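> Just passing along the structure, written as structure tokens.
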Amino acid sequence: MSKLLSAINKGGDVTKGLRKVNKDEMTHKNPELRKHHTAVPFKSQTAEYKPVGMAKKAAVKIPPKFELEDGKKWVVEYQEGATITIDDTNMKQIVYIYKCNKSTIQVKGKVNSIILDSCKKTGLVFDALVSGSEVVNCQSVQVQAQGQCPTVSIDKTDGCMVYLNKECLDCQIVTAKSSEMNVSVPRDDGDYDEHPIVEQFRSYWSPTKKVFVTECVDSLG
């Protein structure tokens, strides 16, 4: 380090120790020398950028489930293309059907209620219910009541066909945030008439009643 600093302090005298290059040794003055010195092509040191994508997680297949829990709740889950019949039932039991696909579930006897949750292309057939049936977060499902059914609730569902029996024509259909809903009722000849459930509504303020009045858009002239 001390030698380097002393050389810098010499100023212009620092170049006195360098050898003078003759003209015949200068490549820009001697074309023959340039023939023996091939230019090295420039290579970028920057590695090619390759975006790293997130690794896709393999879908975990959950085994199907079909069992009676605590003697009160029938659980039918993750069924694929299955046909299931529940026949050992009573009026205190409920049936919970979850994430079934392309399956058919038949409930014999009279139970308290049935919930169809997050199912696709699945059919539900039951004899009778004490309270009602609920369809939530489903796609393209069918519900057939063969006996008593006070209510059918449809929530956040796209595509639901409900078949009513003559014994449950007084069934109330309650809907919310759903589309493509239809109800089929039996005729005297045994065939069915299909009726769509209204999806659009119009609300307006009533000065006389001092409330908002809601009407079905489909029924407006």
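> Taking strands (runs of 3 or more DSSP E) that do not extend beyond the stretch 182-221, which have at least 2 residues that are open to solvent by 90 Å² or more (accessible area, probe 1.4 Å)?
Correct list: 192-196, 201-206.
> Six or more apart or on different chains, Cβ under 9 Å: which pairs go from a residue in the stretch 85-97 that's farther than 11 Å from LEU68 by Cβ to one that's open to solvent by 100 Å² or more (accessible area, probe 1.4 Å) and among the β-branched types (Val, Ile, Thr)? Could you list them?
none
> Quick one: which of VAL130, VAL152 is under 27 Å from LYS102 (Cβ atoms) and aliphatic (A, V, I, L, M)? Before you say what the answer is, go through the steps one by one.
Working: VAL130 fails: under 27 Å from LYS102 (Cβ atoms).
Of the residues listed, the single one that is under 27 Å from LYS102 (Cβ atoms) and aliphatic (A, V, I, L, M) is VAL152.
> With the requirement that a residue be part of a loop (DSSP other than H, G, I, E, B) and either surrounded by 14 or more Cβ atoms within 10 Å (Cβ to Cβ) or among the small types (Gly, Ala, Ser) (or both), what does the stretch 171-181 give you?
CYS171, SER178
> While we're on this one: Restricting to the stretch 136-157, what's the tally of residues that are touching a strand residue (DSSP E or B) at 6+ places or on another chain (Cβ under 6 Å), open to solvent by less than 10 Å² (accessible area, probe 1.4 Å) and in a strand (DSSP E or B)?
Residues in the stretch 136-157 being touching a strand residue (DSSP E or B) at 6+ places or on another chain (Cβ under 6 Å), open to solvent by less than 10 Å² (accessible area, probe 1.4 Å) and in a strand (DSSP E or B): 4 in total.
> Is it true that some residue in the stretch 122-130 is free of Cβ contacts under 8 Å to residues at least 24 places away in the same chain, surrounded by fewer than 17 Cβ atoms within 10 Å (Cβ to Cβ) and of a type outside the set (A, V, I, L, M, F, W, C)?
no
> With respect to VAL60, is the statement that it is of a type in the set (Val, Ile, Thr), assigned to a loop (DSSP other than H, G, I, E, B) and either at pLDDT below 95 or farther than 22 Å from GLY132 by Cα (or both) true?
On the way: of a type in the set (Val, Ile, Thr): yes; assigned to a loop (DSSP other than H, G, I, E, B): yes; either at pLDDT below 95 or farther than 22 Å from GLY132 by Cα (or both): yes.
Spelling it out, VAL60 is indeed of a type in the set (Val, Ile, Thr), assigned to a loop (DSSP other than H, G, I, E, B) and either at pLDDT below 95 or farther than 22 Å from GLY132 by Cα (or both).
The values are calculated or read from the model by the stated rules, or taken from the named source; none is laboratory data. Quantities reported herein were computed from a predicted structural model and do not represent experimental measurements. Ideal geometry is used to build each Cβ from the backbone, glycine not excepted, and the neighbour counts take in all protein chains shown. Note: areas computed on protein heavy atoms with side chains; ligands, DNA, RNA excluded. Shrake-Rupley method; radii C 1.70, N 1.55, O 1.52, S 1.80 Å.
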